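Only one structure is covered here, and it is reproduced in the block below.
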Amino acid sequence: MLEATIHEEAAAALNRLQEKHKGLKEKLQKAYGYAVFPSVGRAGVVLGGAYGHGEVFEGGKPVGFATMSQITVGVQVGGQTFTQILTFSNKKSFERFKKRGKLGFTANASAVMVKAAATATNNVSDVEASAYSMGGMLLELSLGGSKFMFIPPLEKIPQNKPAPKEPEPE
């Protein structure tokens with residue numbers, strides 16, 4: 001059940017972002033794979049944290065799910081929600097993500113008030129992380145780390161294709 005919900009939320013987030021950011025569709029088509037975290041929640045007062053679930057795609061097809069956890073420390077107060085997309089430029093970086101997850105260093109400086117359309121991008125080792133703010137109230141200057149973990153699907157993931165038609169009786 002949770003997998004179906006994540007699948008629907010990831011599809012809705014992709015549609016929403018591709019409408020707003022015209023180059024995103026082409027960027028995802030060129031990527032070997034990508035992960036979409038439709039709604040990541042982040043909050044903090046000196047010590048902060050973020051967490052979200054997402055769906056992982058290879059060649060544009062869903063192949064599994066992932067979690068994202070982040071911990072930060074610094075001058076920070078408030079909270080925000082954002083969508084995060086990781087793009088993998090090659091098979092090696094994608095397979096490394098699936099096997100070991102991904103650890104990343106985070107340096108955040110942000111001021112988010114209610115609804116913000118700001119985006120941030122970080123490109124390290126053939127993996128690009130883009131965050132698209134959905135809103136909140138957060139003032140922050142912090143350092144921290146992120147951890148991503150790949151989760152194979154428990155059941156077959158819908159491929160957004162219509163079911164084959166049954167042959168007509170003769």
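The values are calculated or read from the model by the stated rules, or taken from the named source; none is laboratory data. All figures in this text were calculated on a predicted structure; none of them were measured in a lab. With ideal geometry, Cβ positions are generated from the backbone for all residues, glycine too; neighbour counts draw on all protein chains shown. For the accessible areas, the whole protein counts, side chains as well, though only heavy atoms, and no ligand, DNA or RNA atoms are used. Shrake-Rupley method; radii C 1.70, N 1.55, O 1.52, S 1.80 Å.
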Legend entry - Tabulated pairs, the stretch 1-21, first without any contact (Cβ under 8 Å) to a residue 60 or more places away in the chain, second open to solvent by less than 30 Å² (accessible area, probe 1.4 Å) and in a helix (DSSP H, G or I), C-beta under 6 angstrom, 6+ apart or interchain: Q18/L24
Inset, instruction - Being in contact with a Gly (Cβ under 7 Å, 6 or more places away or on another chain) and in a strand (DSSP E or B) is the filter; apply it to the stretch 85-105 and report the residue that is nearest to Y32 (Cα to Cα). - result: F88
Legend entry - Single unsatisfied condition, P162 versus (1) open to solvent by 50 Å² or more (accessible area, probe 1.4 Å); (2) under 19 Å from H7 (Cα atoms); (3) at pLDDT 85 or above: (3)
Legend entry - Checklist (1) in contact (Cβ under 8 Å) with a residue 24 or more places away in the chain; (2) outside any helix (DSSP H, G or I); (3) surrounded by fewer than 19 Cβ atoms within 10 Å (Cβ to Cβ) applied to H53, failing item: (3)
Inset, instruction - Output the residues belonging to the stretch 29-55 that are within 13 Å of the chain's Cα centre (by Cα) and over 27 Å from L138 (Cβ atoms). - result: G33
Legend entry - Number of the exception - Q76 against (1) over 23 Å from H7 (Cα atoms); (2) open to solvent by 60 Å² or more (accessible area, probe 1.4 Å): (2)
Legend entry - Extreme residue, most open to solvent (accessible area, probe 1.4 Å), among residues of the stretch 31-47 that are part of a strand (DSSP E or B) and hydroxyl-bearing (S, T, Y): S39
Legend entry - All positions within the stretch 56-73 that are closer than 11 Å to M149 by Cα and surrounded by fewer than 16 Cβ atoms within 10 Å (Cβ to Cβ): T67, S69
